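Bear in mind that the values in this text are calculations on the coordinates, not laboratory data. Bear in mind that the values here come from a model prediction, so they are computed numbers and not experimental data. Positions of Cβ are generated from backbone atoms using ideal geometry, with glycine treated the same way; all protein chains shown enter the neighbour counts.
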Amino acid sequence: MSSYVETAIDGTVGRIVLNRPSALNALDTPMIRELYAVLVGWKDDDAVQTVLVRSASDKAFCAGGDIRSVRESVLADKNGEVYGFFSEEYRLNQLIADYPKPYVSVIDGVNMGGGLGISVHGAVRVVTERAMFAMPETAIGFIPDVGASWFLPRIPGGAGLYAGLTGARLNAGDALELGLATHFVHSSGLDAFAKSVVGDGLDAALGALDATQAPESTIAAVRPEIDEAFAGYDLPAIVERVAQGDEPWRVAAREALASASPWSMSVSTELLRRGGESATLAECLGRELRAAVKMTACPDFAEGVRAVLVDKDRNPSWTPATIAEVSADAVRDVFDSPI
């Protein structure tokens with residue numbers, strides 16, 4: 001195993017520690033393969049009754065997939081590498097969702113994109129006061145993936161679409177409010193919690209936690225307004241409704257929608273609509289794989305990653321430049337035509 005994925009069995013607990021601090025634990029293909037292999041190995045190992053995943057850093061649980069590496073593969077016309085990365089990442093997401101033993105993620109710090117894929121699908125998601133969730137893909141010309149088209153539409157109301165289109169940063173209270181997290185522990189109690197899982201058992205360790213101590217949700221009070229603004233899957237109508245007011249959440253959402261890729265937002269809206277009608281996570285992941293491969297081949301992906309993660313000028317040139325210019329037929333082709 002690489003130094004980026006550290007594993008050990010402590011009592012009946014299989015412990016996984018993500019340790020790639022220089023990249024905020026961004027998942028590259030070797031890390032994805034290592035995580036998959038470890039989980040498959042423990043799946044039928046009677047010595048392991050619970051899996052506990054955490055980070056070696058207090059800055060991030062996982063900042064997502066290693067999108068810069070994906071961009072390099074795209075620019076080098078290494079399409080097989082692009083397909084392989086996403087197919088293996090989504091296979092890992094499905095394994096976690098189907099895992100027959102309690103899969104516990106402890107989220108302390110940043111958790112974005114692919115990080116949600118290795119946490120939200122698990123049975124138990126414990127957050128600290130430093131946790132921050134986001135699906136920021138529309139800002140880089142991509143789509144909310146790793147099963148987001150399954151879990152975001154299943155958040156009641158319009159908050160899932162809000163999170164998927166705006167990339168809003170959600171605190172620990174928000175994650176609990178939306179069901180993305182299940183429990184709260186203060187960061188000062190992380191080690192004690194981990195020891196309790198081993199020594200007392202998972203149920204007892206979770207029973208000692210108190211979610212009322214979590215930071216106050218930033219969106220709970222305005223959730224009715226968010227639900228109204230992001231009702232339905234009509235992107236132009238959503239943009240228009242968000243513009244009707246100057247509350248802080250509207251200003252932030254308006255700025256996010258104005259700066260994100262029109263193409264990405266259009267495809268993402270349809271992706272989440274279809275995901276809400278899907279019967280299984282597997283169906284959603286299959287659709288996301290087709291869409292991911294096609295989206296990375298579009299100009300906005302390379303340009304968005306350049307603007308946000310490479311040059312960091314945050315001044316992307318989108319194609320097309322406006323939502324009105326996006327072809328509905330082109331959006332449908334992302335899902336309905338073969339790779």
For the range 5-336, averaging the sequence separation of alpha carbon pairs under 8 Å that lie six or more residues apart and dividing by its residue count, the contact order in percent is 18 percent
Diffing the range 59-65: the Karplus 3J(HN,Hα) column from phi (6.51, -1.76, 1.60, θ = phi - 60°), in whole Hz with x for Gly and Pro, holds 8, 7, 7, 6, 7, x, x
For Ser337 and Asp227, extending 7 Å from Cα along the Cα-Cβ vector and measuring point to point gives, in nm, a value of 3.9 nm
dims of the range 5-336, Cα set, principal axes, largest to smallest, nearest Å -> 59, 46, 39
Ranked by GNM mean-square fluctuation in the chain (Cα springs under 10 Å), the top entry among Leu52, Leu235, Leu309 is Leu309
When the chain is treated as a Gaussian network with springs between alpha carbons less than 10 Å apart, the largest mean-square fluctuation among Pro215, Pro248, Pro100 is found at Pro248
Taking Cα pairs closer than 8 Å and at least 6 residues apart, the relative contact order of the range 129-210 in percent is 30 percent
Here the relative contact order (percent) of the range 3-151, from C-alpha pairs under 8 Å and at least 6 apart, is 23 percent
The distance between the Cα centres of the range 51-130 and the range 16-35, in whole Å, is 8 Å
Computed ³J(HN,Hα) along the range 75-89: with the Karplus parameters 6.51/-1.76/1.60, θ = phi - 60°, integer Hz and x for glycine or proline, the list is 5, 8, 6, 8, 5, x, 5, 5, 4, x, 4, 5, 5, 6, 5
Ranked by GNM mean-square fluctuation in the chain (Cα springs under 10 Å), the top entry among Val40, Val124, Val146 is Val40
